1. Residues of region 175-205 with the amide nitrogen closer than 18 Å to a label point 7 Å from the Cα of residue 125, along Cα-to-Cβ, please.
2. Which length gain, in nm to one decimal place, applies between residue 245 and residue 76 when the Cα-Cα distance is subtracted from 0.36 nm times their residue separation?
3. Which whole-number percent is the relative contact order of region 33-74 (Cα, under 8 Å, 6+ apart)?
4. Along the Cα→Cβ direction, 7 angstrom out, place labels at residue 310 and residue 228. What is the inter-label distance in nm?
5. Indicate, rounded to the nearest 5 percent, the antiparallel portion of the DSSP beta bridges found entirely in the chain.
6. How far apart, in nm, are two points set 7 Å out from the Cα along the Cα-to-Cβ line at residue 358 and at residue 155?
7. So for the chain, averaging the separation of alpha carbon pairs under 8 Å that are six or more residues apart and normalising by length, what relative contact order in percent results?
8. Once the piece of chain linking residue 201 and residue 110 is laid out straight, how much longer is it, given 0.36 nm per residue of separation minus the C-alpha distance between them?
């Protein structure tokens with residue numbers, strides 16, 4: 001090789017390395033925004049409708065994403081795309097959480113009930129469970145917390161204001177290991193226990209059991225999220241169902257806002273088995289720039305796939321979205337599917353995330369369809385039998401309203417007379433879907 005050629009090669013290599021280092025270390029917010037907007041122009045499902053903006057005008061990635069989401073006039077079509085810190089995004093799919101590992105909701109009389117507890121979370125270890133009524137925290141009653149919250153809000157700007165103990169300061173959520181004493185009622189009996197705030201790994205299967213429904217073995221599973229750990233959890237549950245020869249299934253997706261497509265595919269295959277073998281059960285369709293990325297996932301018989309399941313009752317709510325709706329849509333050509341509860345959220349589209357420095361943009365990049373090429377339900381999937389989330393009973397309790405209606409339908413082939421009217425198509429906002437949020441307590445975290 002001539003000296004001149006060697007020199008030019010070394011110069012080119014130096015320039016290349018310098019450019020790569022510049023890109024890798026250019027993590028200013030402006031740079032992150034520009035990289036993200038370039039990604040949107042290439043991969044966003046509705047890229048033709050992106051407005052002309054200067055990414056440098058936005059102080060954060062999430063504000064830029066909010067500004068460019070697809071609208072038709074005043075109507076927001078893209079209710080889903082978002083941006084988040086990379087660590088938060090990674091932690092979600094790894095199941096990493098911090099806090100108590102529980103959620104609460106209020107009934108029509110404003111009483112507070114525990115509506116969800118993650119197994120092996122601090123709350124789960126302390127013995128708290130769905131259906132218990134919260135009486136007091138750290139010696140302060142629910143009524144006092146409410147009254148003090150109203151007082152603090154009204155008088156916060158008073159010159160001599162002294163803050164009273166309310167929901168925001170009854171414990172220190174930032175203090176890892178903080179002890180929070182709960183007083184609860186369970187079946188009329190008052191119980192007291194202590195929860196210690198800590199890191200924990202959230203489960204995606206919150207409950208499962210086998211019920212005898214008029215002599216028919218019926219599997220019940222409450223499935224919370226499509227995350228990385230779901231694969232092993234689902235295999236364990238369906239191995240049990242298969243061993244016990246369940247004939248019908250209740251799939252509880254009422255709080256499941258979605259997640260990974262690969263887990264949706266697994267769940268469909270576990271339920272329908274050889275009914276969908278080799279069929280294109282899930283089809284992903286990308287924008288016109290990337291039709292080569294269009295993908296079809298085929299049905300296959302897995303080790304723990306069930307056989308003989310012809311009827312599935314799916315418990316749904318306005319928080320049932322994305323991969324949950326994908327599962328429902330993909331099951332429909334192969335088994336009788338009845339929806340129990342409320343109209344689902346309506347998200348027949350999916351995302352491919354992109355990490356940029358310490359941030360992650362999660363835009364809509366594809367739409368999906370089932371083996372019959374159906375996938376148009378932006379208004380949500382309407383429930384066949386109306387029922388409401390009965391958080392005064394635990395998951396799998398046959399007295400719980402939505403499970404009771406599910407079992408009735410599976411047995412009788414029709415809705416109970418008081419649940420026969422289909423639920424209205426009312427789309428709720430994300431804020432409405434999250435009933436109560438307390439620092440460190442966690443919430444029913446819908447992931448759209």
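1. Under 18 Å, as judged by backbone N against the label point of residue 125, lie 175-182, 193-204 of region 175-205.
2. The span from residue 245 to residue 76 would gain 56.2 nm if fully extended.
3. Dividing the mean separation by the residue count of region 33-74 yields 43 percent.
4. 4.2
5. Counting DSSP beta bridges with both partners in the chain, the antiparallel share is about 75 percent.
6. 4.0
7. The normalised contact order for the chain reaches 16 percent.
8. 29.7 nm
Read the figures in this text as sums done on the coordinates, not as results from a lab. These numbers were taken from a predicted model, which means no experiment stands behind them. Neighbour counts are summed over all protein chains in view; Cβ atoms, including those assigned to glycine, are modelled from backbone coordinates with ideal geometry.
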